[in-house]
1. Show that you can apply the helix-only estimate: for the chain, add -39,500 (n - 2.57) for every DSSP H stretch of four or more residues, divide by all residues, and state [θ] at 222 nm to the nearest 500.
2. Could you tell me which of I5, L49, G38 has its Cα farthest along the dipole of the stretch 3-51 towards the positive end, charges placed at Cβ (Lys, Arg +1; Asp, Glu -1), taken about the Cα centre?
3. What is the dipole size for the chain, taken about its Cα centre, with +1 at each Lys and Arg Cβ and -1 at each Asp and Glu Cβ, in debye to the nearest 20?
4. Go ahead and collect, in residue order, the members of the stretch 15-50 whose backbone nitrogen is under 14 Å from a label point 7 Å along the Cα-Cβ direction of I5.
5. Using the alpha carbons of the chain, what is the convex hull volume per residue in cubic angstrom, as a whole number?
6. Roughly speaking, to the nearest percent, how much of the chain's 1.4 Å accessible area is carbon and sulfur?
7. Whole number in Å², please: accessible area per residue of the chain, 1.4 Å probe, ligands, DNA and RNA not counted.
Amino acid sequence: VDKPINRASWKGRIGFINSGMVKREIPDYSKRVFYACGPPRMVDSMRFLLSNELKLDQQQIKWEHFSGYD
């Protein structure tokens, strides 16, 4: 059984990934390749963020939708 995250001891970021977070955590993001895999709405949101907000080339974005989601 998975235990919930103890927010008092968690040191990492919490929340939705946005362009500001990417820029802070990965200063050289424009030179990286990003991988997004999961539910279609999440993956599509990440693809939009990476290509439209952060202006990454499509060659830098690898993605896959998990099946079984509407």
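The values are calculated or read from the model by the stated rules, or taken from the named source; none is laboratory data. None of the values given here were measured: they were computed from a predicted structure. Methodologically, a virtual Cβ is constructed for each residue, glycine included, from the backbone with ideal geometry; neighbour enumeration extends over all protein chains shown. With ligands, DNA and RNA removed, areas are computed over all heavy atoms of the protein, side chains included. Shrake-Rupley method; radii C 1.70, N 1.55, O 1.52, S 1.80 Å.
1. Mean residue ellipticity, 222 nm, calculated: -6000 deg cm²/dmol.
2. Looking along the dipole axis, the top candidate is I5.
3. Here the chain has a charge dipole of around 360 debye.
4. Of the residues in the stretch 15-50, 15-18 have backbone N under 14 Å from the label point off I5.
5. Enclosed volume per residue, from the Cα hull, is 123 Å³.
6. On the chain, the fraction of accessible area on carbon and sulfur atoms equals 53 percent.
7. Solvent-accessible surface per residue comes out at 85 Å².
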